[in-house]
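Working notes for the structure below.
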Amino acid sequence: MNEVTKMRLDKLVAKCGLGSRAQARELIRSGQVLVNGLPVKDGGLTLDPLGSTVTVAGKEVNYCEFHYLMLNKPAGVISATRDTLHATVLELLPREYQHLKLFPVGRLDRDAQGLLLLTDDGQLAHSLLAPKKQVPKTYLALIRGCVAREDIEAFARGIVLSDFTTLPARLDILAAAEQSKVEVTICEGKFHQVKRMFHALGKEVLSLKRIAMGPLTLDARLAPGEARELTAGELNLLREWRQ
């Protein structure tokens, strides 16, 4: 992690999820912000964010250089920071995260749901998205058509699509019938990839839910649309993974 240098007080307050920079400056001007027990009304004051005690409206705030959130993305929401037609994943976040410059790491199709990581740590995001990392992503899927052993073998070989051949992938059959339940693990994340792989085998994906990405597993306690900060253990796993 990069060494943290001194920063402006208004930026620190905003970075703690207490509003935009303008709202942070208003909090400071109103006398609601204390630094090391003393009121400060100058938002331009520079301080060591890790070596100073800052309280806002009587509550101590803890500076965090970067934020890492696990979101259970619902269907119908797009994995983008802004869009004029559809709701975005950022709009689902609690108020204290709305003013942070978070972005989704990778994407999920609009009609897909499940695990999505959001952060403002560009270096970590880049390391997770780099093609050479081949980060595994696991999905639960409902398939129209009876999935059989030959489909498992096709996934393991790699499937030829119109524009590329997929890397070998793992397909586990949970229930085979006219509508089959499967678990799929791929090491890529190209546009509509899982859907296109099944379509190439004459089958249709009816629903898709990502349950794991790299070392992270979707928290079963998160309802669709809910998010939480990663635990220290999850964050350590991510940092080890990026190395």
Suppose we keep just the alpha-carbon trace of the range 136-213; what are its Rg and Dmax in angstrom? 11.1, 31
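Rounded, prolate or oblate: which one fits the range 77-181, using the alpha carbon gyration tensor with axes a ≥ b ≥ c (rounded when a/c is under 1.5, else prolate when a/b beats b/c, else oblate)? Mind dumping the intermediate values first?
Numbers: a/c = 2.65, a/b = 1.74, b/c = 1.52.
It is prolate, given that a/c is not under 1.5 and a/b is the larger ratio.
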Gyration tensor (Cα) of the range 100-243, equivalent ellipsoid semi-axes in angstrom: 28, 17, 13
Selection from Ile173, Ser79, Val160 lying farthest towards where the dipole of the chain points positive, charges on Cβ: Ser79
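Rank these for me by crowding, Ser30, Ser162, Ser52, going from fewest to most other beta carbons within 10 Å.
Values: Ser30 10, Ser162 6, Ser52 14.
Exposure proxy ranking, most exposed first: Ser162, Ser30, Ser52.
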Suppose every K and R has +1 on its Cβ and every D and E has -1 on its Cβ; what is the size of the dipole of the range 7-61 about the Cα centre, in Debye to the nearest 20? 160 debye
Inter-part gap, Cα centre of the range 44-93 to Cα centre of the range 127-166, in whole angstrom, is 33 Å
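Mind checking the full-extension length gain between His199 and Lys6? Use 0.36 nm per residue of separation minus the Cα-Cα distance, one decimal, nm. Could the numbers behind the result be given before it?
Numbers: separation 193, 0.36 × 193 = 69.48 nm, distance 5.38 nm.
Between His199 and Lys6, full extension yields 64.1 nm more.
Using the count of nearby Cβ atoms within 10 Å as a rough guide to exposure, how do Leu128, Leu116, Leu142 rank from fewest to most?
Numbers: Leu128 20, Leu116 24, Leu142 16.
Least crowded to most crowded, the residues run Leu142, Leu128, Leu116.
Quote the charge dipole size of the range 136-213 about the Cα centre in Debye, to the nearest 20; the model charges only the Cβ of Lys and Arg (+1) and of Asp and Glu (-1). Present the calculation step by step, with values, prior to reporting the outcome.
Details: 12 positive and 9 negative charges, 48 e Å.
So the magnitude is around 240 debye.
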Under a Cβ-only charge scheme (Lys and Arg +1, Asp and Glu -1), can you give me the dipole magnitude of the chain about the Cα centre, in debye to the nearest 20? 320 debye
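Laboratory data are not the source of any read-out in this text; all were calculated from the coordinates shown. Not measured: the values here are computed from a predicted model. Using ideal geometry, Cβ is built from the backbone for each residue, glycine included, and neighbour counts are taken over all protein chains shown.
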